[in-house]
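Accompanying notes for the structure given below.
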Amino acid sequence: MNEIIVKAGRQQGPLIRRQSIWTRVTHWTWAIWLFFLLLSGLQIFNAHPALYIGQESGFAYDNAVLRMDAVDRHGPRGQTTIFGRSFDTTGLFGLSGPADHPRVRGFPAALTIPSYQDLATGRVIHFFFAWLLVATLLVWLCAGLISGHIRRDLVPTGRDLAHLPRDVAAHARLRFHHGRGYNVLQKLSYGAVLFVLLPLMVLTGLAMSPGMDAVWPWLLEVFGGRQTARSIHFLGMTLLVLFFIVHILMVLAAGPINELRSMISGWYRIDPEPGLKPEIKS
Amino acid sequence: MSGITLSRRRLLGLGAATLSGLTLGGCDRLDFLGERGSDVRSYLEAANDVTYRVQRLLMREGALAPEYAETEIRQGQRPNGSTDPQSPAYLALRDNHFEDYRLAITGLVEREKSYSLAELRNMPSRTQITRHDCVEGWSCIAKWTGTPLSVVLDEVKLKPAARYLVFHCFDSLDEGPSGPIRYYESCDLIDARHPQTILAYGLNGQTLPVANGAPVRVRIERALGYKQPKYVHTIEAVDSFSRFGLGKGGFWEDQGYDWYGGV
């Protein structure tokens, strides 16, 4: 008996079927789509590395909120200006590349597809994957509504919200409970990405299309102008990148093997429930 | 001591080289997507046809591009691309204030016709304050005045075989083996007959300046800036634009940009 317990090592909870095939397939396809959308999007941004508020871009006046350019300060330096405050970002934004012949460009070559300046290709890639992103979102939405995944796993319950402070405290201490369902912070962040951020990216993207502005003029009214929509699109991108970083950190902190397995095979090992005997495998 | 510094420096250098090699290598590896005419590229470009078809489906008959108030004109129209064509034919016309300019309508039309600037100005006109969206990402609001292209098309009467209009221009942005490559553009007949599609000769209440396309620039308001050809001298009705340039329907299209240009 003792021997068996020793063999089982740390008390382990049971393996449960956590992620449906729909969740797993859409998760990984999104990961690929968003990779291409991000790097081609930065390529497109580099064609005019400045963001504005309003319908148009101020050339005779200043309505820019962000600008990446190169300035001469005893030699070329990269400069990023956000809301009128300038930062030296040589090597990253504004000016980057080999030290002997740096290039004037918004984002560096390592962050764009293609690595060199090629707006036409950036657009081809971006719009191709934009269609795939929308198609995947629709597939996920249909599957999630029909299977009850969205209602069951993503919509926070009253109890969830009551547990919010406790959950925040637990996350802050990197103490994770591996339950059957998502905890409230997971529900809120996944919900925010799927129901707010990604639709926002699609809609602000459409608002930049002169064709779509004729089809749906309300796009411009909702976002406060084409250039504002472009700025919001950029902000949405940074929030998605931020989500990605936190997401990876959380996976690493919560147990990468278990988390990855659940998103690949669907099987997830939950914490042993109090009062239950540990599952013993010999 | 020096041995330690050296090895540490070497280690740092090696680390940096590996890191940059990894990131650069990772990105260069996708550069093949920039190769015009490759199979993968053509596959990706198919999405542009989907976009064109879907937007055309969604567009109600004559859905208008947004128009703006006078107060929203806060600056001059930003000139870019060609701003000062140097072709001899153009220079001769410009020196004479475009008195001898004629806009020719040719190709698949019942009767070919050409218009002087004065004739265009005496036809019905439309003035619209619209937003010019450059493919690079910036926008600029300006007031354009010109002859609706549909009025001209009604006069010359398109033949049933006509499917596109090709706009031939005086300017060039590139040199080819046999001289300058002239700018050209094309559009379908939906955009051609759209009420906001005008042969603009006026900008912000003034005569259209050379920097913005004098004497005549086509405005196709539901498309990006490169679909607004400047310095137009001939409009040709065709059933296919494959015989012009590299066959993609426009100067920038030949460089790899999408033909529709509505996104």
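The values are calculated or read from the model by the stated rules, or taken from the named source; none is laboratory data. None of the values given here were measured: they were computed from a predicted structure. Please note: Cβ atoms are built from the backbone with ideal geometry, for glycine as well, and neighbour counts cover all protein chains shown.
Side notes on the structure shown:
- Subset tally (residues that are surrounded by fewer than 21 Cβ atoms within 10 Å (Cβ to Cβ) and at the interface with another protein chain (Cβ under 8 Å from one of its Cβ atoms)) for region A:124-138: 1
- Among the numbered conditions (1) within 21 Å of B:Leu203 (Cβ to Cβ); (2) surrounded by fewer than 20 Cβ atoms within 10 Å (Cβ to Cβ), the only one that B:Pro160 does not meet is (1).
- Residue check for A:Arg230: more than 23 Å from A:Leu133 (Cβ to Cβ), assigned by TED's automatic domain parsing to the domain that holds A:Val25 and out of contact with any Asp or Glu (no Cβ under 9 Å at 6 or more places or on another chain): no
- Scanning region B:165-197 for residues that are touching a residue at least 60 places away in the same chain (Cβ under 8 Å), crowded, with 20+ Cβ neighbours inside 10 Å and in contact with a helix residue (DSSP H, G or I) (Cβ under 7 Å, 6 or more places away or on another chain) gives B:Leu165, B:Phe170, B:Tyr183, B:Tyr184, B:Glu185.
- Which numbered condition A:Thr112 misses (of (1) without any contact (Cβ under 8 Å) to a residue 60 or more places away in the chain; (2) of a type in the set (Ser, Thr, Tyr); (3) surrounded by 21 or more Cβ atoms within 10 Å (Cβ to Cβ)): (1)
- When B:Glu61, B:Glu72 are checked against the criterion of being closer than 24 Å to A:Gly211 by Cα, in contact (Cβ under 8 Å) with a residue 60 or more places away in the chain and within 14 Å of chain A (Cβ to nearest Cβ), B:Glu72 stands alone in meeting it.
- Test: residue in region A:203-214 that is assigned to a helix (DSSP H, G or I) and under 29 Å from A:Arg17 (Cβ atoms): no
Yes/no per residue for (1) touching a Pro at 6+ places or on another chain (Cβ under 8 Å); (2) closer than 17 Å to A:Ala47 by Cβ:
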| position | (1), (2) |
| --- | --- |
| A:Asp69 | yes, yes |
| A:Leu92 | yes, no |
| A:Pro98 | no, no |
| A:Gly106 | yes, yes |
| A:Pro114 | no, yes |
| A:Gln117 | no, yes |
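- Tally of residues being more than 9 Å from every other protein chain (Cβ to nearest Cβ) and in contact with a strand residue (DSSP E or B) (Cβ under 7 Å, 6 or more places away or on another chain) across region A:20-50: 1
- Options B:Gln255, B:Gln228: the member that is of a type in the set (S, T, N, Q), within 11 Å of chain A (Cβ to nearest Cβ) and farther than 22 Å from B:Arg74 by Cα: B:Gln255
- Residue match in region A:142-162 (condition: acidic (Asp, Glu) and surrounded by fewer than 14 Cβ atoms within 10 Å (Cβ to Cβ)): no
- When restricted to residues that are under 19 Å from A:Met237 (Cβ atoms) and in a loop (DSSP other than H, G, I, E, B), region A:85-114 contains 9.
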